[in-house]
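Q: Encoded as structure tokens, here's the structure I'll be asking about.
The values are calculated or read from the model by the stated rules, or taken from the named source; none is laboratory data. Not measured: the values here are computed from a predicted model. Glycine gets a Cβ as well: all are built from the backbone with ideal geometry, and neighbour counts include every protein chain shown. Side chains included, ligands, DNA and RNA excluded: accessible areas come from the protein's heavy atoms. Shrake-Rupley method; radii C 1.70, N 1.55, O 1.52, S 1.80 Å.
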Amino acid sequence: MPNINQDLVGKTFGHLTVLRKAKERGKYNEYKWVCWCDCGKLTTVTTAALNSGSITSCGHVRFEKSKKNLRFTEDRHKKQFNDHLPANNQTGYKNISMTVRNGRERYRVAIQVNRKQHSKIVNSLEEALVVRDELRNKWWPK
């Protein structure tokens, strides 16, 4: 049987230091504690969450981890700025594909930057190469 009369004041749980018992109670009428985080924020946490270790900070640790993951995502999309051809490419050039419009084969040039696609359809491969360079100069980062 758990000790319901625990005194957690002054104890440290991860980044949290317990200051006092909170006035409000939890969802199941359990005690809550006002805790001071290492980053300087106050937060209230239940006794069970502190004892089990499920909450060890105000949330700043999770935020820092998510920022690191976002940096990874940005780096992952830089591969679209190189000239490596996809395996299913039929034209021999990156960002240029074949399409059929009005019964004729045409070339579609498409550049994607920051989840937005900029494209144009032209009649010949030579035009497509010129348009691709124009779109890259206009939209790709320098």
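Q: When you scan segment 15-28, do you find a residue that is loosely packed, with under 14 Cβ neighbours inside 10 Å, on the phi > 0 side of the Ramachandran plot and over 25 Å from the mean Cα position of the chain (by Cα), even just one?
A: No, that holds for no residue.
Q: If I filter segment 2-10 for residues that are at pLDDT 85 or above, at negative phi and open to solvent by less than 100 Å² (accessible area, probe 1.4 Å), do I get at least one hit?
A: The answer is yes; a qualifying residue exists.
Q: Among the strands (runs of 3 or more DSSP E) confined wholly to segment 6-51, which include 3 or more residues that are under 21 Å from PHE63 (Cα atoms)?
A: Output list reads 31-37, 42-46.
Q: Restricting to segment 29-44, count the residues that are in contact with a His (Cβ under 6 Å, 6 or more places away or on another chain) and either open to solvent by less than 70 Å² (accessible area, probe 1.4 Å) or in contact (Cβ under 8 Å) with a residue 60 or more places away in the chain (or both).
A: 2
Q: Can you name every residue in segment 45-61 that is of a type outside the set (A, V, I, L, M), out of contact with any Asp or Glu (no Cβ under 7 Å at 6 or more places or on another chain) and either surrounded by 10 or more Cβ atoms within 10 Å (Cβ to Cβ) or at pLDDT below 80 (or both)?
A: Within segment 45-61, ASN51, SER52, SER54, THR56, SER57, CYS58, GLY59, HIS60 qualify.
Q: Quickly run through segment 86-134 and pick out the residues that are open to solvent by 70 Å² or more (accessible area, probe 1.4 Å) and aromatic (Phe, Trp, Tyr).
A: Matches in segment 86-134: TYR93 only.
Q: If we keep just the residues of segment 101-142 that are part of a strand (DSSP E or B) and among the charged types (D, E, K, R), which is farthest from the chain's Cα centre (by Cα)?
A: In this case the residue turns out to be ARG104.
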